[in-house]
Ligand code: ATR
């Protein structure tokens, strides 16, 4: 990578906090390497209070585009000139493209999930889908599910108020029937085609726990497919429980790769074929 950097190299990056464990630089720089694009992608550790200064720097330095991760996906929005329709619906931005003197916000987490559904033959049309969580990640999952014409979406969260806010938000854009439920009442769900785990439970300090407590694990017996958007650990407790109880299980690795691929396409106005994506997956897996 480094030997290719010259006066014409375009700079892209990721802003977030924390940032040290991100795989995005590995994904983007690998794609650029395969496609022979003269660009480099770097991680930037950015604190909330520095976002205004960072935006000025991005402008001044001529950075061509950047990704936004936790916890800045909403707070970046007031600094952008325009939002595309999906970013508006999801009410969060993970990709920004500089076009002339405009900053345009996109949300490619949506495409990450849609590609994951496609690659695992998970068709959601007419299906009942449960989303665990009602934070930022749940918004992109809920829009992805509603956009697939699911029959029913059930948002299950520790705090009912947050689930209600997400339900109201989705109803503004889609006709999908949306219910909300507290985690403790999970046993009320009699049938679930697909559950998508979007909470932060299962990563870092909570890697030995699942958002579904042991006494509610029989939920998996009534569930066909279980998706966890976490990819590190590769198999969360949530996915292990689901697998042991007979569900088809999928982790968040493909979502990660495909949201990056979608951002790369937006920035560089080019398509990326399947063979390149398979190479990127193999390359990046070694770092998980
Ligand atoms: P993100 O933007 O990454 O989704 P977030 O906005 O902090 O992160 O949301 C985290 C989600 O995980 C929320 O749904 C949160 O539940 P609450 O709405 O009740 O806060 C959920 N979550 C976090 N810690 C949890 C825990 N220990 N048990 C159950 N749910 C938890």
Would the stretch 94-109 turn up any residue that is out of contact with any helix residue (DSSP H, G or I) (no Cβ under 7 Å at 6 or more places or on another chain) and within 14 Å of the ligand (Cβ to nearest atom)? no
Take the stretch 163-213 and flag every residue that is over 27 Å from residue 125 (Cα atoms), within 9 Å of the ligand (Cβ to nearest atom) and outside any loop (DSSP other than H, G, I, E, B). 201, 206
Would you mention how many residues in the stretch 5-34 are exposed (fewer than 14 other Cβ atoms within 10 Å of the Cβ) and either in contact with a helix residue (DSSP H, G or I) (Cβ under 8 Å, 6 or more places away or on another chain) or within 22 Å of residue 69 (Cβ to Cβ) (or both)? 3
I'd like to know if the stretch 115-126 contains one or more residues that are within 15 Å of the ligand (Cβ to nearest atom) and under 23 Å from residue 201 (Cα atoms). no
Here are some residues: 74, 8, 56. Which one is part of a helix (DSSP H, G or I) and either out of contact with any strand residue (DSSP E or B) (no Cβ under 6 Å at 6 or more places or on another chain) or on the phi > 0 side of the Ramachandran plot (or both)? 56
Given (1) without any contact (Cβ under 8 Å) to a residue 40 or more places away in the chain; (2) within 21 Å of residue 270 (Cβ to Cβ), index of the condition residue 63 fails: (1)
Checked against (1) within 19 Å of residue 86 (Cβ to Cβ); (2) within 16 Å of the ligand (Cβ to nearest atom); (3) touching a helix residue (DSSP H, G or I) at 6+ places or on another chain (Cβ under 8 Å), residue 136 satisfies every condition except (3)
Which condition number in (1) buried (at least 16 other Cβ atoms within 10 Å of the Cβ); (2) more than 14 Å from the ligand (Cβ to nearest atom); (3) closer than 22 Å to residue 153 by Cα is the one that residue 233 fails? (3)
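No lab work stands behind these numbers, since they all come straight from the coordinates. None of these values were measured; they are calculated from a predicted model. Cβ atoms come from the backbone with ideal geometry, glycine included; neighbour counts cover every protein chain shown.
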